[in-house]
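Data first, discussion second: the structure below is written as structure tokens.
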Amino acid sequence: MEQILFLMILSLLFVHEMDAIRAKEWKMFIVLKDMADETACKVFMSLHFPLYLGALYVLLRGGTAGYVLKIIIDVFLLGHALIHFAFRKHSGNGFHTLFSKTIIYVMAVFALLHFVLLLAIKHAA
């Protein structure tokens, strides 16, 4: 159950990042917002490669590092939803569709459930 829930979270995160390209999320970042869209898009996507590579490497190795990274991702996604909520009226925010909002907030709910489940499993062990 824990693995399926986490894979759902990770899949939603990947879909959100694809949606972020559609929404031109870089327009909300201080350094990227002043770049031409083509350049900002390439930088935005390029920065995700080492993040994905590192995260997937640690997750596939498992163990304590994988467990800790899952907690970090859960906590990050809760903060991520709060940031999206706080910046909902930002001029560069392109996440106004029901689809975009659903991904962001369902991901946060799943992350909260996963976090609680991880703690319960750890406590039961």
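The values are calculated or read from the model by the stated rules, or taken from the named source; none is laboratory data. A quick note: this is a predicted structure, and the numbers were derived from the prediction, not measured. As a convention, Cβ positions derive from the backbone with ideal geometry for all residues, glycine included, and neighbour counts pool all protein chains shown.
Within the stretch 88-125, which residues are part of a helix (DSSP H, G or I), of a type in the set (Val, Ile, Thr) and either at pLDDT below 95 or out of contact with any helix residue (DSSP H, G or I) (no Cβ under 7 Å at 6 or more places or on another chain) (or both)? Don't jump to the end; show me each part of the working.
Filtering the stretch 88-125 down to residues part of a helix (DSSP H, G or I) leaves 98-124.
Remaining after also requiring of a type in the set (Val, Ile, Thr): 102-104, 106, 109, 116, 121.
The answer is THR102, VAL109, VAL116, ILE121.
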Applying the selection to the stretch 30-52, what residues are exposed (fewer than 10 other Cβ atoms within 10 Å of the Cβ) and either touching a residue at least 12 places away in the same chain (Cβ under 8 Å) or in a helix (DSSP H, G or I) (or both)? GLU38, SER46, PHE49, PRO50
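Suppose we filter ALA55, ALA65, ALA20 for residues that are more than 21 Å from LEU118 (Cβ to Cβ), at pLDDT 95 or above, hydrophobic (A, V, I, L, M, F, W, C) and in a helix (DSSP H, G or I); which single one remains? Give the derivation first.
Numbers: ALA55 fails: more than 21 Å from LEU118 (Cβ to Cβ); ALA65 fails: more than 21 Å from LEU118 (Cβ to Cβ).
When all the criteria are applied, what remains is ALA20.
Give the stretch 1-17 a look and list any residue that's in contact with a helix residue (DSSP H, G or I) (Cβ under 9 Å, 6 or more places away or on another chain) and either within 12 Å of SER100 (Cα to Cα) or in a helix (DSSP H, G or I) (or both), or say none.
Taking the stretch 1-17 and keeping what is in contact with a helix residue (DSSP H, G or I) (Cβ under 9 Å, 6 or more places away or on another chain), we get 1-2, 5-6, 8-10, 12-17.
Once the filter is applied, which keeps residues that are in contact with a helix residue (DSSP H, G or I) (Cβ under 9 Å, 6 or more places away or on another chain) and either within 12 Å of SER100 (Cα to Cα) or in a helix (DSSP H, G or I) (or both), the stretch 1-17 yields GLU2, LEU5, PHE6, MET8, ILE9, LEU10, LEU12, LEU13, PHE14, VAL15, HIS16, GLU17.
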In the stretch 70-116, which residue that is crowded, with 17+ Cβ neighbours inside 10 Å and aliphatic (A, V, I, L, M) is nearest to the chain's Cα centre (by Cα)? LEU77
